[in-house]
Amino acid sequence: MRTKFSLLQAVAGVALGVVALAPAQAQESVKIGLILPMTGGQASTGKQIDNAIKLYMQQNGDSVAGRKIEVILKDDAAVPDNTKRLAQELIVNDKVNFIAGFGVTPAALAAAPLATEAKIPEIVMAAGTSIITERSPYIVRTSFTLAQSSTIIGDWAVKNGIKKVATLTSDYAPGNDALKFFKEHFAAGGGEIVEEVKVPLANPDFAPFLQRMKDSKPDAMFVFVPAGQGGNFMKQYAERGLDKAGIKVIGPGDVMDDDVLNGMGDAALGTVTAHLYSAAHPSQMNKDFVAAYKKAFSNRPGFMAVSGYDGIHLIYQALKKTGGKTDGDALIEAMKGMKWESPRGPISIDPETRDIVQNIYIRKVEKVDGELYNVEFQTFEAVKDAGKTKK
Amino acid sequence: MSAVSDVSSHARRHARWRGSEIAFWILVLACGFLFPSRYLIMTEVLRLGLFALSLDLILGYAGIVSLGHAAFFGVGAYCAGLLALHGIVTEPVAALLVAGLVAAAVGFLTSFLVIRGADLTRLMVTLGIALLLEALAERFSDVTGGSDGLQGIEMQPILGLFAFDMFGKAGFFYSLVVLFVLFLLARRIVHSPFGLSLRAIRNNPLRASAIGIPINRRLIAVYTLSAFYAGIAGALSTQTMALASLDVFSFERSADLMLVLVIGGTGYLYGGLIGALVFKMLQEFFSSLTPQYWQFWIGLVLVVIVLIGRQRLHRWALWIPNLIIRQLSGRKAVIAIPEGEAP
Amino acid sequence: MRGEVGSRSDPGEGLLLKVGEAYMTTLFTILFDGVAYGMLLFVLACGLAVTLGLMNFVNLAHGAFAMTGGYVCAVLVNQSGWPFFAALPLAFVSSALIGVVLERSLYRHLYHRSHLDQVLFSVGLVFMSVAAVDYIMGSSRIFIKLPAALEGQIDFFGVGIGRYRLMIIVICGLLTAGLQLVLARTRFGSRLRAAVDDPRAASGLGINVPQVFAFTFAFGCGLAGLGGALSAEILGLDPYFPLKFMIYFLIVVTVGGSSSITGPFLASLLLGIGDVAGKYYVPKMGPFVIYTIMIVILIWRPNGLFGRTAAR
């Protein structure tokens, strides 16, 4: 009788304990819904970001402000329909506190109304069209906008004696943004656009487009293709003899992504691009970052990896600031105006637009220790998104 | 005279509702209440099921192979999107009908190209039409939004009563009702003399024309009908997601559709619905297991399905339900999948 | 150009001449590029024409064999330091070996199954190969380091000719001629044709039909592997290769008809030239050109340009 009673007591005690613990445990974990293209043509973007986040969590632990961080990775194959459904499910079923990732602009846009409706922060780690952050007050971006680099390369081209430019851009929102801002600044400085070609996003063969470029005999060609297509582009650029014809490649740095740069061959030498990050950025922090990334994934980090790295850093810092509270509005407030040192250099979140403010570097492709790198030679400090500062 | 009555009695016997069919629909409806947190994926299954049903109409009943059925899905999707975006027809049900009719019109016009030629030719012509439409949508990006898709669609409440919610509840029941209504229609049609004549054409076109069936006219009619169904499926997709992108025309969509229907089995209308369920569940399961490499496992499942043989798999899958029914009512095998001999 | 016009005595005629000349050189360059592209497509797709036309098997996984060859070549050249021309035959051999293993173990059970089963099966194989290559090699596009002799262009009477493309035309041209000879003139060619026309009668005559089929299948896969290695430079090589180019292969085979290899060959050239010219002259309408040509040809000749008139 007595033993039975104690047994009952013990069971009750354990049960009580479990009941008491359960809500505490549920309280503890902060969930991040990470939606990235892990398959399909944009898969390399997704993998870089995923890798960088894994690296960051290895280095900084998987808990912040006393709460465990849990990342739920989903593959949308860069198709906005999928993004929307996955974001919706993550919010409704998994009750995530952040949605993050977004490899392409349409994907980021598709999730925007959901972020607004659910009042949770959407951290854009890749997509680069200006309008994205205007679509919801809950969007914060840690990647870049194409306006940032395109305006600067436009100004640079005018100042460095480039008069006639032919443009080749991918026909989707970021490509059109890049073209628009480059044209504005280049034309304002007195430059002339002699040929304008938009190539479809999914495009196996650049040769005929390059032939058009060559026939229009420009001083340089302005190129935007999404990260990943750059390698193929440069190969055909060299094959067509555009380098021999003295037509230089300029543009935002997507075409010279560190991820594929080293495989491009010597034709890429001397290409000048404006961008936010180079794996050759000469800071100690970046050297450590590149070394750690290379060690973990045996590949060089590109600008997508850095955007992911900074994105998760932003989430950590925001949680620290709110003391682990996951209220969407409080988190967004915490993120606004945040400043930190990233592997790419000093960056901050613009308190008004929630867009990233960062240095843009002009770089030239050179050989360093037998490998191709974008070597920075000029810095424009704290560049805001020209797409919004205008208005 | 006697032949006619034979045919009609045969048709009527086959058209009778079976217990298993009623059970199927009750089960589907029950899902809506059992899994309130999975509305979105279930809506996707319903949509894919409707889309597969439309392919079944031409593949399973008329023997037309199509690798470009996404063409009509896409037309419907963009149509519904544009109607809502520009406020032309704001009521979803009406917009759904308009989108379906536009898709049907496109189907009617292209049917003349499709009914010529043998399997492989049809496969490629349909594929070509879908690719052409995709290129068109990309070319006129000022209308369609190009690679960025139609953004900023806001849907009005269904019939002015039920608003679309974030959890997808309204979307699910809306899709379910549409699917059920269209399924009833399709069921009526395939069991009508028209449907029987289609099967005659599929089995032997020469004999069918010898007994006086106007082959081309029948094929055009069923192709147009199928385009209508696909268009509705597309419009449903736009309406429930408030989004349409170039992806609606993609080759992958047509190819996946083919897989779905072949997995489920052709020629008995339920194949598409079952295939959609199996395919989506596999995809969901594998991609939550490994977001990077889920395609490998899907591929493996497809290969294994073929190596084992679809018929055998269907028999295995139905073994337990049949056993139960046999135990309960003492009848012999009750559910059987009439495998339409696909070309 | 504007500057030159003023210095001439008859500006109008000079301009016209100059424009005409530029037009012609461009046209030749495009024609050349188109032919190279078409030849490449032919080598990639002709194995498919064989399996589909001769063996009546819908092998959508054909591109996977091409991808295998490409990756084998890339690994040999980039990581093991093989010379490019030594790695090319290896690309052929490895794809052919995998082809023969799969044919013996899996494909041969499916020759008599319906086309839908074959589609399901081969698409399954494609999915598996895509994910497997992604797992082993990563999803980034990879390139094969080329010898310097193949880089850049030669100037031929003002027409820029890419060395690499020239090499493709030479290799593929030789292959095509060789294939035609083998099929038409050799004992194996006649055995193959016999086995296809009437397998039962052929085996009655002592021809080992399964062996002939296995060999043909393997050879087609090998060609695809070689094509994959050659195309890495022009089309780009990544794990999605089999999915991306499946449509192109199918177009070549259906437009060309599958009763001989002449049909697919001409169809490849047509597709290559049409694609390149379309993109150059009407860049916005590029894809239309190809698909419209295909639909028109198929409506006009449902069995392909050189198909058999009677349905099988």
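The values are calculated or read from the model by the stated rules, or taken from the named source; none is laboratory data. All figures in this text were calculated on a predicted structure; none of them were measured in a lab. Cβ sites come from the backbone with ideal geometry, for glycine too, and all protein chains shown count toward neighbours.
Applying the condition of being touching a Phe, Trp or Tyr at 6+ places or on another chain (Cβ under 9 Å) and at the interface with another protein chain (Cβ under 8 Å from one of its Cβ atoms) to region B:139-166 and asking which residue is nearest to B:G107 (Cα to Cα) yields B:R139.
Just one of (1) under 18 Å from the mean Cα position of the chain (by Cα); (2) closer than 28 Å to C:F127 by Cα; (3) surrounded by fewer than 23 Cβ atoms within 10 Å (Cβ to Cβ) fails for C:Q79. It is (1). Taking the conditions (1) hydrophobic (A, V, I, L, M, F, W, C); (2) crowded, with 24+ Cβ neighbours inside 10 Å; (3) more than 30 Å from C:I161 (Cα to Cα); (4) touching a Phe, Trp or Tyr at 6+ places or on another chain (Cβ under 6 Å) in turn, C:F121 satisfies each one other than (4).
Whenever a residue of region C:129-153 is more than 16 Å from C:N78 (Cβ to Cβ), its partners that are in a strand (DSSP E or B), lying with C-beta atoms within less than 8 angstrom and at least six residues away or across chains, give the pairs C:G152/C:G162; C:Q153/C:G160; C:Q153/C:I161; C:Q153/C:G162. Would you mind stating whether C:R301 is among the charged types (D, E, K, R), surrounded by fewer than 17 Cβ atoms within 10 Å (Cβ to Cβ) and within 11 Å of chain B (Cβ to nearest Cβ)? In short, yes. For region C:66-117, give me each residue that is among the aliphatic types (A, V, I, L, M) and in a loop (DSSP other than H, G, I, E, B). If the condition is that a residue be among the aliphatic types (A, V, I, L, M) and in a loop (DSSP other than H, G, I, E, B), then C:L106 is the only one that fits. Selection over region A:186-242 of residues that are of a type in the set (V, I, T), within 12 Å of chain C (Cβ to nearest Cβ) and either closer than 23 Å to A:K159 by Cβ or in contact with a Leu (Cβ under 6 Å, 6 or more places away or on another chain) (or both) gives a count of 2.
For region A:63-95, enumerate the residues that are aliphatic (A, V, I, L, M) and either under 21 Å from A:K119 (Cβ atoms) or more than 10 Å from chain B (Cβ to nearest Cβ) (or both). Before the answer, list the steps.
As a first pass, look at region A:63-95 and keep what is aliphatic (A, V, I, L, M): A:64-65, A:69, A:71-73, A:77-79, A:86-87, A:90-92.
Within region A:63-95, A:V64, A:A65, A:I69, A:V71, A:I72, A:L86, A:A87, A:L90, A:I91, A:V92 qualify.
For the structure I just gave you, tell me whether A:M213 is in a helix (DSSP H, G or I) and either out of contact with any strand residue (DSSP E or B) (no Cβ under 8 Å at 6 or more places or on another chain) or among the hydrophobic types (A, V, I, L, M, F, W, C) (or both). Spell out how you get there, then give the answer.
Working: in a helix (DSSP H, G or I): yes; either out of contact with any strand residue (DSSP E or B) (no Cβ under 8 Å at 6 or more places or on another chain) or among the hydrophobic types (A, V, I, L, M, F, W, C) (or both): yes.
When the stated conditions are applied, A:M213 passes them.
The set of residues from region C:253-270 being out of contact with any Phe, Trp or Tyr (no Cβ under 7 Å at 6 or more places or on another chain) and in a helix (DSSP H, G or I) comprises C:V253, C:T254, C:V255, C:L266, C:A267, C:L269, C:L270.
Condition first: polar (S, T, N, Q) and either more than 30 Å from B:S9 (Cα to Cα) or in a helix (DSSP H, G or I) (or both). Now tell me which residues in region B:196-245 satisfy that. Lay out the reasoning, then the answer.
Our first condition is that a residue be polar (S, T, N, Q); within region B:196-245, this holds for B:197, B:203-204, B:209, B:216, B:224, B:226, B:237-240, B:245.
B:S197, B:N203, B:S209, B:N216, B:T224, B:S226, B:S237, B:T238, B:Q239, B:T240, B:S245, listed by residue number.
For region B:100-122, the criterion of being acidic (D, E) and either closer than 18 Å to B:V181 by Cα or not assigned by TED's automatic domain parsing to the domain that holds B:G149 (or both) is satisfied by no residue at all.
So that you can scan it fast, the table gives a plain yes or no per residue for (1) more than 17 Å from C:G228 (Cα to Cα); (2) within 14 Å of chain B (Cβ to nearest Cβ):
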| residue | (1), (2) |
| --- | --- |
| C:A49 | no, yes |
| C:F57 | yes, yes |
| C:A64 | no, yes |
| C:V75 | no, no |
| C:G81 | yes, no |
| C:A87 | no, no |
| C:R113 | yes, yes |
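Checking C:S122 against (1) in a helix (DSSP H, G or I); (2) over 26 Å from C:I261 (Cα atoms), which single condition isn't satisfied? Exception for C:S122: condition (2). Scanning region C:115-157 for residues that are among the acidic types (D, E), within 26 Å of C:W82 (Cβ to Cβ) and within 14 Å of chain B (Cβ to nearest Cβ) turns up just one, C:D134. Of all residues in region B:105-122, those satisfying the criterion of being surrounded by fewer than 24 Cβ atoms within 10 Å (Cβ to Cβ), more than 7 Å from every other protein chain (Cβ to nearest Cβ) and touching a Leu at 6+ places or on another chain (Cβ under 9 Å) are B:V106, B:S111, B:V114, B:I115. Per the listing A:V255, A:V260, A:V249, the residue uniquely surrounded by 20 or more Cβ atoms within 10 Å (Cβ to Cβ), part of a helix (DSSP H, G or I) and away from chain C (no Cβ under 11 Å) is A:V255. Within the option set B:V248, B:V262, B:V278, being of a type in the set (V, I, T), more than 9 Å from every other protein chain (Cβ to nearest Cβ) and part of a helix (DSSP H, G or I) holds for one residue only, B:V278.
Of these, A:A112, A:A100, A:A127, which one is touching a strand residue (DSSP E or B) at 6+ places or on another chain (Cβ under 7 Å), within 15 Å of A:R141 (Cα to Cα) and within 11 Å of another protein chain (Cβ to nearest Cβ)?
Working: A:A100 fails: within 11 Å of another protein chain (Cβ to nearest Cβ); A:A127 fails: touching a strand residue (DSSP E or B) at 6+ places or on another chain (Cβ under 7 Å).
Answer to the selection: A:A112.
Among the candidates B:F35, B:F24, the residue that is surrounded by fewer than 24 Cβ atoms within 10 Å (Cβ to Cβ), touching a residue at least 60 places away in the same chain (Cβ under 8 Å) and either over 30 Å from B:A137 (Cα atoms) or within 14 Å of chain A (Cβ to nearest Cβ) (or both) is uniquely B:F24.
Somewhere in region C:186-195, is a residue in contact (Cβ under 8 Å) with a residue 60 or more places away in the chain, within 14 Å of chain A (Cβ to nearest Cβ) and part of a helix (DSSP H, G or I)? No, that holds for no residue. The requirement of being crowded, with 18+ Cβ neighbours inside 10 Å and touching a strand residue (DSSP E or B) at 6+ places or on another chain (Cβ under 9 Å) is not satisfied by C:I98.
Go through region C:254-277 residue by residue and tally those that are at the interface with chain A (Cβ under 10 Å from one of its Cβ atoms), surrounded by 23 or more Cβ atoms within 10 Å (Cβ to Cβ) and either small (G, A, S) or closer than 21 Å to C:T51 by Cα (or both). Before you say what the answer is, go through the steps one by one.
Taking region C:254-277 as the starting set, the residues that turn out to be at the interface with chain A (Cβ under 10 Å from one of its Cβ atoms) are C:272, C:275-277.
Subsequent filtering for residues that are surrounded by 23 or more Cβ atoms within 10 Å (Cβ to Cβ) retains C:272, C:275-276.
Those still in the list that are either small (G, A, S) or closer than 21 Å to C:T51 by Cα (or both) too: C:272.
The number of residues fulfilling the criteria is 1.
Tally up the residues in region A:186-202 that are assigned to a helix (DSSP H, G or I) and buried (at least 21 other Cβ atoms within 10 Å of the Cβ), please. So the answer is 1. Among the residues of this structure, C:P283 counts as one that is within 14 Å of chain B (Cβ to nearest Cβ), within 23 Å of A:G231 (Cα to Cα) and in contact with a strand residue (DSSP E or B) (Cβ under 9 Å, 6 or more places away or on another chain).
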